[in-house]
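The values are calculated or read from the model by the stated rules, or taken from the named source; none is laboratory data. Note that the structure is predicted; figures quoted are calculated from it, not measured. So basically every Cβ, Gly included, is an ideal-geometry build from the backbone, and we count neighbours across all protein chains shown. The protein model used for the area step is the full one, side chains on, heavy atoms only, and it has no ligands, DNA or RNA in it. Shrake-Rupley method; radii C 1.70, N 1.55, O 1.52, S 1.80 Å.
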Amino acid sequence: MTATVQLAGPAIGPLDALRRLHDQEHVVLLDGGPGAPAILSWGVEPRLLGTLDDLRQPRAGQADTALHGWPAAVSGGEVVQLDYAFPVGAWAASAAAVPGPQGRAWPLRRWVAWDADGFCTVHGESAAACQDLIASLSRPAADDPALPTLAVAADWDRAGHIERVDAIRAAIAAGDVYQANLTLPW
């Protein structure tokens, strides 16, 4: 982790910030909801992860969240997203059987943080980088106040789901398994 500069940010919340960043790429928001901390970063393409070996090892100790709280204790690093089927442990060898990346890591080089009271701070490699973040957050929101959405569709329909549930019930009745967790890929 490198040293960062912290400046007071504009008096807006995470959702207002998203509306102002409608045309940005690689937006990552970790938001705990009203009255909870949040972190927002954008413009940094994620690294694709295939196994846990692809994760970078920390070069410093853990953040002191007990003393400083979250997100105040965050001083860089990465936001990591691992798919439900991410290969770990005994299943790591099966990573090649699943097409495409199973995880992503977005480096936190510049980010915006809100504490539980809604106070906004911007963090970056320099004061100039922080001022660029403030300028991006100070521009007008998009004409359409709706947040960007991603159209998703389930990999199977109602009939396919019922078929899978029936197969699980049959396996339980036959004594092949005693418990199953059916997940629906999107």
Fill in the blank from the handout: Selection from region 138-171 of residues at pLDDT below 70 and over 22 Å from the mean Cα position of the chain (by Cα) yields Ala142, Asp143, Asp144, Pro145
Exercise for the section: For residues that are more than 33 Å from the chain's Cα centre (by Cα) and open to solvent by 70 Å² or more (accessible area, probe 1.4 Å), tally how many sit in region 177-186. Expected result: 1
Practice task
State yes or no: is Leu67 out of contact with any His (no Cβ under 6 Å at 6 or more places or on another chain), at pLDDT below 80, over 12 Å from Pro107 (Cα atoms) and hydrophobic (A, V, I, L, M, F, W, C)?
Solution key: yes
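Tally time: how many residues in region 156-182 are hydrophobic (A, V, I, L, M, F, W, C) and touching a helix residue (DSSP H, G or I) at 6+ places or on another chain (Cβ under 7 Å)?
3
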Handout entry: Pair list, Cβ < 7 Å and 6+ apart or interchain, from region 13-29 residues that are under 16 Å from Leu108 (Cβ atoms) to residues that are outside any loop (DSSP other than H, G, I, E, B) and of a type in the set (Val, Ile, Thr)
Key = Ala17/Val112; Val28/Val79
Exercise for the section: Can you work out which of the residues in region 156-176 that are more than 20 Å from Ala85 (Cα to Cα) and among the aliphatic types (A, V, I, L, M) is least open to solvent (accessible area, probe 1.4 Å)? Expected result: Ala171
